[in-house]
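The values are calculated or read from the model by the stated rules, or taken from the named source; none is laboratory data. Worth saying up front: this structure is predicted, and the values here are computed from it rather than measured. Here Cβ is always computed from backbone atoms with ideal geometry, including for glycine, and neighbour counts include all displayed protein chains.
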Amino acid sequence: MLESRPLKAFTGLTLILLSYFSLKVGHVEIDFFPAFFDGLSQNKTADTIILWELRLPRTLMCLIVGSGLGLAGAALQGYLRNPLAEPSVVGISSAAALGAVCSIGIGVSAYGIIYTPIFALIFSMAACWTLIHLTQNTDSKHSVILIGVGISALAGSLTTLMLSLSDNPFAVNEIVFWMLGSVTDVSYFHVLISGPLVLLGAFFLFKSSSDLNLLSLGQETASSIGVDLKRLRLDILLGTALIVGGITSVTGIVGFVGLITPHMVRPFVNHEPKRTLMWSPAIAAILILISDIAIRIIPTTGEIKLGVLTSLLGTPFFLYLISQKRY
Amino acid sequence: MPGKMYLSLNFRKISKSILVFILAIFFASQSASADKKIIDNGIVSTNLCIDALLIALIGTKDVIAVSSVAGDSRYSLIADEVKSLKKVKFNAEAIYALNPSLVLASNFSSPKTRLALNKLGLDVKMVNYAQSIKDVENNLSYLGEILGASKKAAEIIKTIQVTKHRSENKVKLEALQYSANKYVNGQHSLISDIFRRSGFIRPSQMSENPQAGFLSSEFIIKAQPQLLLLDKNEISSKNGKNSRYNNAIYELSDQTSIIHVDQKQWSCGSPSAVNLITQLGKKHSEILRKKNAGK
């Protein structure tokens with residue numbers, strides 16, 4: 001159904017409109033069009049700085065976060081054939097968070113903004129390597145989930161350990177806020193860290209999309225048709241790790257998007273994994289853009305964190321979906 | 001009945017006499033001990049801000065331990081002075097093991113731990129978190145009294161009062177402090193009081209929101225304060241910029257004068273917070289000079 005031309009156009013138009021609102025709406029009011037054209041002519045005013053240096057990278061980051069997490073969620077649910085699978089299930093988000101927490105806890109983050117993403121990335125890659133290494137001798141998809149849950153639990157405990165052992169209340173404060181997930185004040189630098197990793201991850205996942213369709217016939221059938229299951233697992237895990245590591249390293253943990261988006265898409269694409277994979281990024285990007293715009297519209301003294309809002313909005317919706325489906 | 005009434009009146013008289021007697025003893029003991037040291041075993045201070053006041057008043061001689069952050073030079077101005085002292089967290093067991101005669105705790109410290117310390121028979125005195133220079137003076141007076149250092153406290157307060165008056169007739173300029181973790185202090189905070197005393201006011205765009213909170217850089221850029229005070233960070237500073245801030249903040253430098261000050265200079269209600277008034281007062285004059293020259 002989503003393949004119908006009007007729906008495609010509607011989705012595209014929604015994305016464009018939301019991106020426009022994401023640039024226009026903010027904590028402060030700006031004269032959008034003058035700021036836009038002033039920025040093009042290198043005329044620096046407060047409005048142009050806000051539009052070009054703060055809101056544009058933020059909107060780009062929303063698109064990256066949404067599309068990346070939606071894609072990773074769809075790929076994992078397709079591969080594991082488990083409707084509860086999402087990027088955090090395989091432990092990569094938790095590992096990335098642990099890396100970031102370490103960088104803040106030991107004080108390395110004070111050396112510059114590059115160090116927290118680098119630490120998060122290294123830890124997510126380590127988690128990915130562990131996951132691939134520990135699952136290479138098994139064909140069971142359940143093993144992937146169980147090992148992922150184990151990695152997630154270990155990373156979570158180490159994060160808590162870092163928090164409880166931290167001598168420094170200022171670092172604890174920073175760690176807690178970082179973990180809540182946010183795209184506030186991201187710069188082009190952050191976009192440049194996340195963007196290429198998400199693109200590379202997306203390459204691995206899209207490459208596997210046809211195999212995911214065949215896998216829905218069952219492992220044995222897929223294997224007999226010629227699907228290389230080990231290769232498929234490697235592609236899915238590597239793709240997911242690159243995407244989740246690249247995103248979490250910059251924004252912190254943004255939950256639930258990877259979980260709920262495929263559920264939203266699936267009924268419109270006849271539950272076909274390949275098409276779920278194609279559409280989830282766009283729908284997830286819409287969800288993230290809506291959440292991020294809502295954060296800026298909701299009047300609060302501080303700012304609600306993106307990760308908090310996606311969980312708050314996502315949980316009731318997810319419960320509704322589950323109650324309808326009776327899994 | 002009359003007998004009963006007589007007894008009741010007598011009982012009231014006796015009760016009043018006892019109460020007056022107790023109060024007399026209490027006040028007599030208070031005045032006698034006003035300038036007498038009550039420290040026998042030593043003092044444990046459990047908060048960085050209190051540590052700073054304590055060291056300023058009596059040095060390290062009678063101090064057994066200070067808070068764990070006090071030894072960290074990234075956050076503490078007294079890291080060198082307290083190097084030889086024990087460091088303690090606000091943990092009843094750890095504090096009790098030091099057998100102090102006095103424990104100083106912040107009003108923000110855990111009530112659970114304070115109760116535990118009281119139950120263990122320790123004398124816990126609370127010091128309020130300073131939200132203004134006046135609070136710093138009050139804390140100094142209070143600590144001076146309980147530590148038997150009233151004279152020293154009075155000296156420090158006098159120095160503070162000499163410095164703090166300066167802004168009274170100045171033209172008000174807009175200033176804001178913005179932490180690297182995107183935190184802005186509220187109207188009723190020590191840094192806001194320091195700004196006020198240096199001749200600065202909160203930007204008009206922010207006046208609707210006097211509360212503290214985490215704010216996006218958008219607010220700061222739109223507010224365009226004449227002075228923006230950012231966190232100094234020796235490690236991540238390059239080309240006069242702290243790389244922990246979004247670079248967009250520095251794009252405003254034509255309209256806004258940006259200075260970097262280490263948070264430890266002012267985050268605590270210690271006497272050194274007053275030095276910032278002098279520094280900001282000079283900056284105020286400089287901005288005003290530039291502004292007048294530009295007219």
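Brief remarks follow.
- The stretch A:97-128: number of residues that are more than 19 Å from B:Asn246 (Cβ to Cβ), more than 12 Å from chain B (Cβ to nearest Cβ) and not polar (S, T, N, Q): 15
- Flag for A:Ser109 being in contact with a Phe, Trp or Tyr (Cβ under 6 Å, 6 or more places away or on another chain), in contact (Cβ under 8 Å) with a residue 24 or more places away in the chain, buried (at least 24 other Cβ atoms within 10 Å of the Cβ) and not β-branched (Val, Ile, Thr): yes
- Test: residue in the stretch A:20-34 that is surrounded by 18 or more Cβ atoms within 10 Å (Cβ to Cβ), at pLDDT 90 or above and touching a Ser or Thr at 6+ places or on another chain (Cβ under 8 Å): yes
- Counted as qualifying within the stretch A:152-222 are the helices (runs of 4 or more DSSP H) with 2 or more residues that are at pLDDT below 85, namely A:169-179.
- Of A:Gly255, A:Gly226, all but one fail to be surrounded by fewer than 23 Cβ atoms within 10 Å (Cβ to Cβ) and either within 21 Å of A:His190 (Cα to Cα) or in contact with a strand residue (DSSP E or B) (Cβ under 9 Å, 6 or more places away or on another chain) (or both); the exception is A:Gly255.
- Unique residue being closer than 24 Å to B:Ser267 by Cβ, in a loop (DSSP other than H, G, I, E, B), modelled with pLDDT of 90 or more and among the small types (Gly, Ala, Ser) when the list is B:Ala79, B:Ala52: B:Ala79
- Residue selected from the stretch A:10-57 under the condition among the hydroxyl-bearing types (Ser, Thr, Tyr) and more than 14 Å from every other protein chain (Cβ to nearest Cβ), by the criterion farthest from B:Lys222 (Cα to Cα): A:Thr11
- Residues of the stretch B:124-159 that turn out to be part of a helix (DSSP H, G or I) and either in contact with a helix residue (DSSP H, G or I) (Cβ under 9 Å, 6 or more places away or on another chain) or modelled with pLDDT of 90 or more (or both), as a count: 24
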